Amino acid sequence: MTGELTGGVRLSPKAEADLEDIWRFGAAEWSPARADQYLDGLLAVFDLLLVMPGIARERTEFTPPVRIHPAGSHLVIYRTGTDHLHILRVLGGRQDWLRLLEAIE
């Protein structure tokens, strides 16, 4: 799928929890304002992926296949639906994301 997705972004419960954890960490390490800015940057990447969902190649080594796109120091793990973007996880690049992806949905 390479066309723009018009159905918006859908976050899995794990992705929602990831974003909350990212914000809490940023607020504690730096400031709530910086955490807000970083989260805004992640949301901007979601918007980019809506317009160009095929920007990341499909990773068929995972079952079911996913796409992985970098965003700041994180990785956005997603799938495309018929008209929407389904964000599965937002993981830190230093996390053991291969192990975490084994347990995806």
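Here is how the numbers come out for the structure above:
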quantity	calculated
The range 1-49 - residue that is in contact with a Lys or Arg (Cβ under 7 Å, 6 or more places away or on another chain) and of a type outside the set (Gly, Ala, Ser) and, of those, nearest to Val66 (Cα to Cα)	Lys14
Strands (runs of 3 or more DSSP E) enclosed by the range 8-92 - at least 2 residues per element that are free of Cβ contacts under 8 Å to residues at least 60 places away in the same chain	66-71, 74-80
Of residues in the range 5-26 being buried (at least 16 other Cβ atoms within 10 Å of the Cβ) and over 11 Å from the mean Cα position of the chain (by Cα), the one nearest to His86 (Cα to Cα)	Leu5
Residues satisfying the stated conditions in the range 32-76, i.e. in contact with a His (Cβ under 9 Å, 6 or more places away or on another chain) and exposed (fewer than 13 other Cβ atoms within 10 Å of the Cβ)	Ile55
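Read-outs: derived from the displayed coordinates by stated rules, not from any lab. Owing to the predicted nature of the structure, the values given are computational and were not obtained by experimental measurement. Glycine also receives a Cβ, built like all others from the backbone with ideal geometry; neighbour counts cover every protein chain displayed.
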